[in-house]
Each structure stands twice: as C-alpha cells, then as structure tokens.
Amino acid sequence: MKIGVAGIAGRMGRLVAEEILGTGAVLAGGTCLPDDVPPAGISRFSDISALAAAADVVVDFTHALSVRDHAAFLAGAGTAWVLGTTGLADVDQEAVAAAARRVAVVQAANFSPGVNLVLAMAERLGAALPAEAYDAEIIDMHHRQKVDAPSGTALAIGEAVARGRGADFAGLRVGGRDGHTGARRTGAIGFSAIRGGQVVGDHTLLFAAADEHIALTHRAFDRRSFARGAVRAALWLRDRPPGLYSMMDVLGMERTRA
C-alpha cells in the first residue's frame, strides 16, 4: 500500500512519515511548501495532484484553505483520503462530502484512540445527564501556534453531547463569554479556549449541576499518538468503498457515516 503525506515537512507530517515507514507500507512521498525541506530520502511532489497520482491514500493535516483543492484532486484521481485538518467552513465540509461519494475518506477531529473513547463517553453522558439539571462546558488548551478555536476536538465533544441529548448542536453552541452576557441558557454547550506554550492538547468536558460536578479529561503528551492513529486509518482504508468514515469506524465502535 502506497501512502502519501500532504505537508510532509510539518510537525505532524514528519511523524506520520515515520509511522508509515514503521508499518512496512510504502511511503510514496509528500508535498510541502517551496521553502520547506522534507525528511531526507523522501520524494517531494510539487502539488497534491502529483501526490494523488502516486499514492493509494493520502494523509492530510494541512490547512483548511487547502481542503477544497485536495478534495477535488484526490477524488479525481481515485485516491483515498485521511483528513485531520480542522477549522473547516461549511463549504469545505461540503467538498469533503462530495469527495466521499467518489473515494473512501476517513475524517476525524482527532485520531487518538483515547480521544475517540472520550467522544463515545461524552455522548453517553449527554444522554444520561439531562440538560435541565447538568450544564455542559468544554475547555480546550493548546500550543500558542494553533490557529483555530475552539479546537476541532472540542467541537467534536460538544457535538457528541448534543447527539446524546438528541439536540441540534449548532443551536446550542456558545463561544467565549465576555461582558454582560446574561444568565446561561438552559441546554447551552459552552466553550473556552486557552492558548499558550507548547501544550499538545488538553480537553475537559464538565457537567455542572447544583449538587455535583462530573469532569472527563483527556491530555495528549505527544503528537505521535495522532500520527499513529492516522496511519492506522490509512491502512484500514484498503479496499474500502467510497464513503465518509470516522475514526470510530476504524476502531470498530460506530457504523459508517453517510
């Protein structure tokens, strides 16, 4: 199986490349910016279309601005896609869905098995703890270079809570509060984002009731867990039919998404 890496000179790209080589799969090479230097001995491709033609699957942790182009070229080449880029706009997500009608795509806000277990538990907690009694708040902390907030993982946790409650997440999401915001709305799912230092990723889901608090926390200490999960997803995609899959599918925890 030939696996390519979009953004192979970046922090995640380098780790993904190392993990691919460790599995015995073929590292097809990767794309990178003109001034970036890929790892030694690895083929460099000028653009995503050239990489798509050389690979069976491409692992992508690049930038939201690249998603629509990547979706078009990978679908056109019939190349499977592992997408870990977050901060997507609705139009970007529509492009991902369109690609998934032609090729197999695993999209996840986080490829860590631990985080995906947290998502499963968040949904169950949301179902068990009624919104009228338990306020849901999500806190995420990341390194100072992160460009999107809340993190994709934080949003995925909020979506899981809403799904457990059978509610529309978009109508419940509340971002950072500032000034005279008024009393908290029943059922709201609140977010706080902290950025600083070189924190790989901390996420806490808090359910606050009048008489008790329940906190569910995941801390990542090494980005390699994300890289390892992404390569696991790439290998899992072998011979999969077109469709939009999640990391839950890769872990055998959830049915395929439409």
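Only the coordinates and a few stated rules stand behind these numbers; no lab work does. In this text the structure is predicted, and so the values were computed from the model without any measurement. FYI the Cβ positions are ideal-geometry reconstructions off the backbone, even for glycines, and counts take in every protein chain you see.
In nm, what is the difference between 0.36 nm times the number of residues separating D148 and L251 and their Cα-Cα distance?
34.4 nm
Tell me which residues come under 5 Å, amide H to amide H, from R173 once H is placed; ignore anything under 5 positions away on its chain.
I189
Taking Cα pairs under 8 Å and at least six residues apart, what relative contact order does the chain come out at, in percent?
That works out to 20 percent.
Give the angle, between 0 and 90 degrees and rounded to the nearest 10, that separates the Cα long axis of helix 11-23 from the longest principal axis of the Cα atoms of the chain.
60 degrees
Once you have a ≥ b ≥ c as the square roots of the Cα gyration tensor eigenvalues for the range 113-220, tell me rounded if a/c is under 1.5, and otherwise prolate or oblate according to whether a/b is larger than b/c.
oblate
Per residue of the chain, what 222 nm ellipticity follows from adding -39500 (n - 2.57) for every DSSP H run with n ≥ 4, rounded to the nearest 500?
That comes out to -10500 deg cm²/dmol.
Quick query: amide H of V58 versus all other amide H atoms, modeled in the peptide plane; which residues come in under 5 Å with a sequence gap of 5 or more or a different chain?
G4, A80, W81, V82
On a 0 to 90 degree scale, rounded to 10, what angle separates helix 67-77 from the longest Cα axis of the chain?
40 degrees
When only DSSP loop residues count, what trypsin sites (Lys or Arg not before Pro) in the range 160-258 have their Cβ near at most 15 other Cβ atoms within 10 Å?
R177, R184, R185, R238, R255
Express in nm, to one decimal, how much length is gained between L33 and L117 on full extension, taking 0.36 nm for each residue of separation and deducting their alpha carbon distance.
Gain on extension, L33 to L117, equals 26.8 nm.
Radius of gyration and Dmax for the chain's Cα atoms, expressed in Å?
Answer for the chain, Rg first and Dmax second: 18.9, 59 Å.
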